[in-house]
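Only one structure is covered here, and it is reproduced in the block below.
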Amino acid sequence: GRRGRETVAARFDLAANVARLRALYASTGNGWEAQVKELIKQEVHAGNVTVQLGTAQSGHDSDVYQVTLQNGSTHATPLILKRHRPARYASADGFEEARWAAQREYEALSWLWRAFTSRSDYFRVPRPLGVFPECASVLMEPCRGERLDRTLRWTRLRAIPWQQARLCRHLEACGEWLGLFHQITERPGNPSAVHQRIEHDFEEELASCRAQGLDEDLAHRVARTFAARKPSAFQGVQGLVGRHCDF
């Protein structure tokens with residue numbers, strides 16, 4: 001009897017089951033799409049606009065959609081919709097995690113967009129337009145420019161000098177963007193925890209490379225180089241900066 005009561009309490013808790021039901025509705029394709037289209041209309045204050053969602057580009061924990069706003073014969077406005085989708089999205093905890101991730105990204109993008117706009121006329125981050133927690137999604141404007149991974153693919157396919165020079169310019173621009181990102185996100189603090197994390201990540205990555213067949217002599221050279229440079233890199237004179245996962 002006690003076990004039966006515990007089972008009912010665990011499996012039929014009202015708050016937990018409502019959260020699971022919300023997650024189920026949110027993860028349903030057609031229902032989610034209709035809901036998010038209506039939210040986009042409300043966000044851009046355009047009642048008579050047709051909202052179209054293009055093919056999604058799926059990542060590890062999110063989907064990115066091309067959004068087109070079409071108002072009759074007028075010019076279509078392109079936007080970007082990012083829908084957070086962690087691995088545990090099907091569960092109630094996963095859905096709450098996705099909602100929190102969308103809200104956190106919206107706040108971070110808002111702060112970064114203001115900071116980048118005030119410091120540079122060239123480098124940007126996507127301008128956030130709205131966040132939809134009920135759909136775990138963020139609406140934003142697209143950034144101008146070319147994707148670096150696309151340039152890399154073309155350079156591999158066509159190994160010609162001008163293409164390689166173009167790739168070098170893009171890589172330099174990425175370095176400049178990252179430098180500005182570090183200036184904006186620099187903060188005081190003790191970097192020892194960051195140093196420990198870097199060393200731990202390095203050891204894990206090297207072990208993974210060895211397991212996948214990395215030449216042992218090369219692995220030893222890499223480990224020696226890391227050990228030789230660690231004292232100067234970890235002396236603590238560098239400031240703490242934000243970490244951008246794409247880099």
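Shape annotation for the chain: C-alpha extents along the principal axes are 67, 59, 40 Å, from largest to smallest.
Of Pro126, Pro142, Pro161, the residue with the greatest mean-square motion in the GNM of the chain, using alpha carbon springs below 10 Å, is Pro161.
Calculated FRET efficiency, Gln66 to Leu178, Cβ-Cβ distance, R0 = 25 Å: about 0.45 to the nearest 0.05.
Taking the Cα centre of segment 100-247 as origin and charging only Cβ (+1 Lys, Arg; -1 Asp, Glu), how large is the dipole, in debye to the nearest 20?
Details: 21 positive and 19 negative charges, 105 e Å.
Roughly 500 debye, rounded to the nearest 20.
In order along segment 206-213, the Karplus-derived 3J(HN,Hα) couplings, from 6.51 cos²θ - 1.76 cosθ + 1.60 at θ = phi - 60°, round to 5, 5, 5, 5, 4, 5, 8, x Hz, and Gly and Pro are given as x. Amide H contacts under 5 Å for Ser62: Arg85, restricted to partners 5 or more places along the chain or on a different chain, H placed in the peptide plane at 1.01 Å from N. In this structure His244 has an accessible area near 60 Å², from a 1.4 Å probe over the protein heavy atoms. Taking the helices alone, the chain has a mean residue ellipticity at 222 nm of -19500 deg cm²/dmol, built from -39,500 (n - 2.57) per DSSP H run of at least 4 residues and averaged over all its residues.
Considering only trypsin sites (Lys or Arg not before Pro) in DSSP loops that have at most 13 other Cβ atoms within 10 Å, the longest stretch of the chain without any of them is 1-143.
Among Glu203, Glu105, what's the order by accessible area (1.4 angstrom probe), most exposed first?
If we order Glu203, Glu105 from most to least accessible, we get Glu203, Glu105.
Taking the Cα centre of segment 162-245 as the origin, how large is its charge dipole in debye, to the nearest 20, when only Lys and Arg (+1) and Asp and Glu (-1) carry charge on their Cβ atoms? Mind dumping the intermediate values first?
Details: 10 positive and 11 negative charges, 51 e Å.
Here the size comes out at about 240 debye.
Within the listed set Glu107, Glu204, Glu97, the Gaussian network model of the chain (springs between alpha-carbon atoms below 10 Å) gives the highest mean-square fluctuation for Glu204. Accessible surface of Glu96 in the full protein assembly, 1.4 angstrom probe, to the nearest 10 Å²? Solvent-accessible area, nearest 10 Å²: 80 Å². Under the convention that each Lys and Arg Cβ holds +1 and each Asp and Glu Cβ holds -1, the size of the dipole of the chain around its Cα centre is about 180 debye. Counting heavy atoms of the protein chains alone, Glu38 has an accessible area of about 90 Å² for a 1.4 Å probe.
At 20 °C and a viscosity of 1.002 mPa s, what translational diffusion coefficient does Stokes-Einstein give for segment 105-247, taking Rh as the Kirkwood radius over Cα pairs? Give it in µm²/s as a whole number.
Values: Rh = 18.7 Å.
Result for D is 115 µm²/s.
Stretching Asp13 away from Arg158 to a fully extended chain increases their span by 46.2 nm, per 0.36 nm per residue minus the current alpha-carbon distance. Working from label points 7 Å from Cα in the Cα-to-Cβ sense, the Gln238 to Ala108 distance is 1.9 nm. With a Förster radius of 35 Å applied to the beta-carbon distance between Lys41 and Arg144, the computed FRET efficiency rounds to 0.90.
A Gaussian network model of the chain, with springs between Cα atoms under 10 Å, assigns the largest mean-square fluctuation among Val64, Val44, Val125 to Val44.
The values are calculated or read from the model by the stated rules, or taken from the named source; none is laboratory data. Everything numeric in this text was worked out from a predicted model, so none of it was measured. Don't worry about glycine lacking a Cβ; one is built from the backbone with ideal geometry, like all the others, and counts go over all protein chains shown. Calculation scope for accessible area: heavy atoms of the full protein, side chains included, ligands and nucleic acids excluded. Shrake-Rupley method; radii C 1.70, N 1.55, O 1.52, S 1.80 Å.
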